[in-house]
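Encoded as structure tokens, the structure appears first; notes follow it.
The values are calculated or read from the model by the stated rules, or taken from the named source; none is laboratory data. Bear in mind the structure is a predicted one, so any value in this text is a computation, not a measurement. When we count neighbours, we look across all protein chains shown, and the Cβ atoms used for this are built from the backbone with ideal geometry, even at glycine. Accessible surface is based on the protein model in full, side chains and every heavy atom, while ligands, DNA and RNA are left aside. Shrake-Rupley method; radii C 1.70, N 1.55, O 1.52, S 1.80 Å.
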Amino acid sequence: MQENFWAFLIFVIVMTGTPGPGNIASMALGQAVGFRRSIPFLSGVIIGGTTMDILAAIGLAELFLAYPQVSAVLKVGGLIYILYLAWKVLNMHAGSSGKPKAFKFVEGLALHPLNPKHYAMTVSAFAQFADPSADRFTEILIFVGTFTCGAAFFHSMWCFAGESFMKMLRSPMVRHTVNISMVVLMVGATAYALYQ
């Protein structure tokens, strides 16, 4: 991984920076409640993602190959969870009477462990970029550290973008339309990852 670091870094930027359940949920939450109130959810998302990166690096792919039913259960559970988050996003009306509720730390923590895109991304990345002849601990450290930094940066940026977007949009109807668009993207990205 040390020899292929720049190629790996580009992979991480593309995978963590593009729309997926984590980024879209972060943007929707930033749009509804602002960045500051989104910090518990963002922290959970990053910690959950880091945990999954570690598991992928120490052999999660082998578990899925040995027990395909585990992968199937996680995919179904992930789809149900993404639909739950999508429902919550749809019910966020910034500017409506009463403050919208921010997502909780635990909801963020569960996102990546139940996110099929995250499994596909991390398992394929470690298989592609890790060097079996290199020191395993160093490879895992580079892998997990790079993914964690990418996720922390891009989830935060998407959340900031959502908050900035909210300030530009005055109409509750337009905000609700934006939320519907984000839900379609979030569910679509998950469905795409499920059928790969």
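Before moving on, here are some points about what is shown:
- Cα long-axis angle, helix 116-129 against the chain (0 to 90 degrees, to the nearest 10): 30
- In this structure Met52 has an accessible area near 10 Å², from a 1.4 Å probe over the protein heavy atoms.
- Normalising the average separation of contacting C-alpha pairs (under 8 angstrom, six or more residues apart) by the number of residues puts the relative contact order of the chain at 45 percent.
- Heavy-atom accessible surface of the range 34-75: percent carbon and sulfur, 1.4 Å: 73
- With a cut-off of 14 Å between beta carbons, the residues surrounding Asn91 carry a summed charge of +3, where Lys and Arg count +1 and Asp and Glu -1.
- Angle in degrees between helix 68-90 and the longest Cα principal axis of the chain, rounded to the nearest 10: 20
- Cα→Cβ-extended label distance, 7 Å offset, between Ala127 and Lys104, nm: 3.6
- Intensity falloff of the range 70-148 expressed as log10 I(q)/I(0), Debye formula with alpha-carbon point scatterers, at q = 0.12, 0.27 Å⁻¹: -0.52, -1.21
- Rolling a 1.4 Å probe across all protein chains gives Thr177 an accessible area of roughly 70 Å².
- Of the labelled figures [x] 0.97; [y] 0.90; [z] 1.05, only one reflects Cα Rg over 2.2 N^0.38 Å as derived from the coordinates, namely [z].
- When the chain is described by a simple charge dipole with +1 on each Lys and Arg Cβ and -1 on each Asp and Glu Cβ, the residue from Thr16, Gly188, Leu114 located farthest towards its positive end is Gly188.
- Ranking Cys149, Cys159 by solvent-accessible area of protein heavy atoms (1.4 Å probe, all protein chains present), from largest to smallest, gives Cys149, Cys159.
- Relative to the dominant Cα principal axis of the chain, helix 21-33 is inclined by about 30°.
- Accessible area (Å², per residue) of the chain, counting only protein heavy atoms and a probe of 1.4 Å: 50
- Those residues of the range 70-92 whose amide nitrogen sits under 19 Å from the label point placed on Val184, 7 Å along Cα→Cβ: 83-92
- Set of aspartates and glutamates near Lys88 by C-alpha distance (under 14 Å), chain-local residues within fewer than 8 positions excluded: Glu107
- The slack in the chain from Phe160 to Ala7, taken as 0.36 nm per residue of separation less the alpha-carbon distance, amounts to 52.3 nm.
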